[in-house]
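One structure is given below, encoded as structure tokens.
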Amino acid sequence: MNKVCRLLAIPALLLGLNVMSATAEDNGCSNATLKGDYGFTIDGNQPNPDGGAQLPLKGVAITHFDGAGKLTQRDFVVTGGVLNPGQGDAESGFQFTTGETGSYSLSSDCTGRMEIDLNTPVPPGSGLSPGIIKLMIVVTHHGNAIHTVVAEVTAPFATGPSVPTNTTSSDAWKIDRDRDHDHD
């Protein structure tokens with residue numbers, strides 16, 4: 001009888017260890033899940049200011065998440081073949097837009113919201129927006145990957161959100177300065 005109990009105890013122990021391991025890896029998300037720098041690729045379309053066909057948008061960004069719901073970002077974005085203001089030219093050199101700040105919140109199911117404030121200077125009391133991008137996000141790979149879709153854009157100097165909204169999304173991987181990642 002002792003021999004049978006020992007034989008049954010081994011698979012039960014192994015099963016228990018597997019369940020504990022899975023639970024430790026799948027304990028949900030919180031704002032603390034996102035901490036450090038993430039490299040984003042940005043792809044989509046945005047409304048044409050003159051009302052014509054949407055313009056293609058491509059870009060890259062590095063976003064720093066503080067683990068407590070705040071973020072800072074620098075990016076380089078081209079819309080319809082035109083650089084964003086302040087990103088330079090071939091003669092003077094190209095540069096990333098800096099000074100963007102924002103916030104994020106994650107639910108335990110790893111879905112969440114993110115808001116990027118472009119902080120474009122506008123006249124005080126003018127009612128004009130400094131530029132705001134609102135995104136819906138999903139965090140995967142234990143906090144190492146982020147997938148976004150733009151939910152709403154209020155362009156700099158606008159008085160309200162763009163209608164229709166753009167169709168831009170982005171994907172990011174955590175930047176690990178100690179080793180390279182294969183993301184295929």
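None of the figures in this text is laboratory data; all of them are computed from the coordinates on show. The shown structure was predicted, so the numbers you read here are calculated from the model rather than taken from an experiment. A quick note on method: Cβ atoms are made from the backbone with ideal geometry, for glycine too, and the neighbour counts reach across all protein chains shown.
Just how far, in whole angstrom, is the stretch 125-164 from the stretch 26-59 if you go by their alpha carbon centroids? For the stretch 26-59 versus the stretch 125-164, the Cα centre distance is 8 Å.
So what's the convex hull volume per residue for the Cα atoms of the stretch 25-164, in Å³?
Numbers: hull volume 17.5 nm³, N = 140.
Taking only Cα atoms, the stretch 25-164 has a hull volume of 125 Å³ per residue.
With each label modelled as a point 7 angstrom along the Cα→C-beta vector, the LEU83-ASP37 pair spans 2.1 nm. Protection proxy ranking of 27-38, 84-95, 46-57, by the mean of other Cβ atoms within 10 Å over each peptide's residues and highest first, is 27-38, 46-57, 84-95.
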